[in-house]
Every structure is written in structure tokens, then in C-alpha cells.
Amino acid sequence: MSSLISEKKKLIVNIIFDIMLFFIIIVASIDTFFTIYTRESIVEMEKNPMAKFILEADNGLAIFISLKLFGTFLVIFTLQTMFFRFKLRKIGFAVTMGVFLFQLVLSYILLFYDPI
């Protein structure tokens with residue numbers, strides 16, 4: 001009976017983990033969409049100095065979008081590796097929760113915040 005409860009708990013934690021990863025990817029996709037959509041004014045609107053530097057050096061969006069996608073891939077890969085491959089399951093879940101919460105705030109800013 002105890003192992004059955006443990007297996008159910010593990011399944012629920014895995015589902016929650018997958019939902020958080022999916023949400024992280026969705027918010028990153030929305031952010032990329034808005035970057036492309038505002039390409040005419042993104043350099044002036046961008047607050048991140050590193051992103052601004054890349055955008056100005058790129059003279060377009062190709063490198064910037066590529067780096068954003070690579071960064072998202074690297075984060076998702078690292079979180080999955082921590083959670084599934086190493087004995088860092090609890091730490092991997094906690095770090096994923098932190099990234100998820102950050103993306104939750106970012107999604108609010110992207111979808112509902114009006115700076116004007």
C-alpha cells in the first residue's frame with residue numbers, strides 16, 4: 001500500500017513538473033513573439049543592457065532570437081537533467097518552481113502591463 005501511494009505521489013510530482021516546463025516554454029514563446037512583433041522599436045524599448053547591446057550589434061533580430069531560443073533550450077535541458085537524471089530531484093523541482101514563478105510574473109507583464 002505504501003509503495004502505491006509513493007508511486008501516485010511521484011506521478012503527481014512528475015505531472016506538475018511537466019506542466020511547469022510547458023508553461024516556461026509557452027511564456028518564452030510569447031516573449032519571442034512580442035520581440036518579433038515590436039522589431040521596429042525593440043532597441044529603444046529594451047531595458048536589459050545586454051539584450052540592447054546584442055540587438056544593436058546584430059542590426060536585426062537573428063542573433064538575438066537565436067540566443068533567446070538557445071537559452072530557453074539550455075534552461076529546459078538543465079531542469080530536466082536535474083530532475084530526472086541525477087539525484088537532485090528535490091533541488092531540480094525547487095529550481096523549476098523558481099523559474100516557473102519568474103515566468104508567471106513575466107507573463108503578467110507581457111500580457112497585461114501597459115507602460116503608457
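The values are calculated or read from the model by the stated rules, or taken from the named source; none is laboratory data. The model shown is predicted, which means the values in this text are computed figures rather than measured ones. Here Cβ is always computed from backbone atoms with ideal geometry, including for glycine, and neighbour counts include all displayed protein chains.
Below are the figures for this structure:
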item: Any hit, region 39-54, residues being among the hydroxyl-bearing types (Ser, Thr, Tyr) and modelled with pLDDT of 90 or more; result: no
item: Filter result for THR81 (farther than 27 Å from TYR37 by Cβ and surrounded by fewer than 15 Cβ atoms within 10 Å (Cβ to Cβ)); result: yes
item: Residue in region 37-52 that is farthest from LEU110 (Cα to Cα), counting only those that are part of a loop (DSSP other than H, G, I, E, B) and over 21 Å from the mean Cα position of the chain (by Cα); result: GLU40
item: Subset of region 35-59 (residues that are touching a residue at least 24 places away in the same chain (Cβ under 8 Å) and surrounded by 14 or more Cβ atoms within 10 Å (Cβ to Cβ)); result: THR35
item: Selection status of LYS8, of a type in the set (Lys, Arg) and surrounded by 15 or more Cβ atoms within 10 Å (Cβ to Cβ); result: no
